[in-house]
Amino acid sequence: MRFSTVSCHLLVAVGLASAAWIVPGARWRDTDGNLVNAHAGCVTVDEKSGKFFLFGEYKVQGQVEGGGIAVYSSDDLATWKSHGMALSMAYSPIRINTLTCLQSQSAATRTSTPR
């Protein structure tokens, strides 16, 4: 338990040492100044590089399903670089429903792809 608490404090300290501040409820901007657009996101870490990746639904105003899965990376959990779309939404006359929904966690944890 003690090790876990110390590890958590170290992770937070490293993240804040270099960085921008994380303000709860504030809008996050990527390194290009655009709003981070990754709703219902999933953060995962690459064990080799220590880099964090955020996968989330790219929401488009007025579009019910969203626009696909956006991907961002960060070294400090406060500064996010956009890498575009991990998966773009293809036009289809079939509406997404509970049987055909797409979740960002699926894109982040898919082991059968080379990425």
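Read the figures in this text as sums done on the coordinates, not as results from a lab. Given the structure is predicted, the values throughout are model-derived calculations rather than measurements. Note that we place each Cβ from the backbone using ideal geometry, even for glycine, and neighbour counts take in every protein chain shown.
How much length would be gained if the chain were fully extended between T44 and A26, taking 0.36 nm per residue of separation minus their Cα-Cα distance, in nm to one decimal?
On the way: separation 18, 0.36 × 18 = 6.48 nm, distance 2.17 nm.
Extra length available between T44 and A26 comes to 4.3 nm.
Could you line up S88, S82 from fewest to most neighbouring Cβ atoms inside 10 Å?
Values: S88 11, S82 17.
Lowest count first: S88, S82.
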Burial ordering of I22, I69, fewest other beta-carbon atoms within 10 Å first: I22, I69
